[in-house]
Amino acid sequence: MTSPPPPSQRPSLWEVTRSVAAAFFGVQSSRQRKRDFTHGNPLHYLIVGLLMTLLVSGLFWAAVKLALRYAA
C-alpha cells in the first residue's frame, strides 16, 4: 500500500481519476474520501467524473450497437 500524500500536497490527476473510479463502483475508502474533501479541488473531480461518465456511456452505446448488429 502507498502512504497518503503529505497534507500540503494536492492529489495528482492519477489519484483524482482513481478516486472517481472508486466512487463510481462504491468502493471508496473513508481515508481517500477525507483526503479528497480536504485537499482536492472540486472542479477537478467534476471534470474527471463527467469525462468518465461520457466514456462509460459511450462504451455501453457501442456494446449495444455491436450486439444489435450481430443479433439481426
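The values are calculated or read from the model by the stated rules, or taken from the named source; none is laboratory data. Everything numeric in this text was worked out from a predicted model, so none of it was measured. Heads up, the Cβs are rebuilt from the backbone with ideal geometry, glycines too, and the neighbour counts pull from every protein chain shown. Surface accessibility is based on the protein's heavy atoms, side chains included, excluding ligands, DNA and RNA. Shrake-Rupley method; radii C 1.70, N 1.55, O 1.52, S 1.80 Å.
Heads up, I need the accessible area for K65: 1.4 angstrom probe, whole protein in place, Å², nearest 10.
Solvent-accessible area, nearest 10 Å²: 110 Å².
With +1 assigned to the C-beta of every Lys and Arg and -1 to the C-beta of every Asp and Glu, and no other charges, what is the dipole magnitude of the chain about the Cα centre in debye, to the nearest 20? Can you show the working numbers first?
Numbers: 8 positive and 2 negative charges, 15 e Å.
Dipole of the chain, to the nearest 20 debye: 80 debye.
List the residue ranges in the chain for DSSP H helices whose C-alpha atoms run 15 angstrom or more along the long axis and whose Kyte-Doolittle average is 0.5 or above. Show your work: numbers first, answer last.
Numbers: long enough: 13-25 (18 Å, 0.98); 42-71 (43 Å, 1.47).
Counting only whole DSSP H runs, the qualifying helices are 13-25, 42-71.
Given a 1.4 angstrom probe, I'd like the percentage of the accessible area of the chain that is carbon and sulfur, rounded to a whole number.
70
Taking only protein heavy atoms and a 1.4 Å probe, what accessible area per residue, in Å², does the chain have with all protein chains in place?
Accessible surface, normalised per residue, equals 82 Å².
Alpha carbons only, please: Rg and Dmax for the chain, in angstrom.
Radius of gyration, then largest Cα-Cα span, for the chain: 16.2, 57 Å.
At 222 nm, what value in deg cm²/dmol follows for the chain if DSSP H runs of at least 4 each add -39500 (n - 2.57) and the sum is divided by all its residues, to the nearest 500? Spell out each step's value before the answer.
Values: 3 runs with 53 residues, N = 72.
Taking each H run of at least 4 residues, the total per residue is -25000 deg cm²/dmol.
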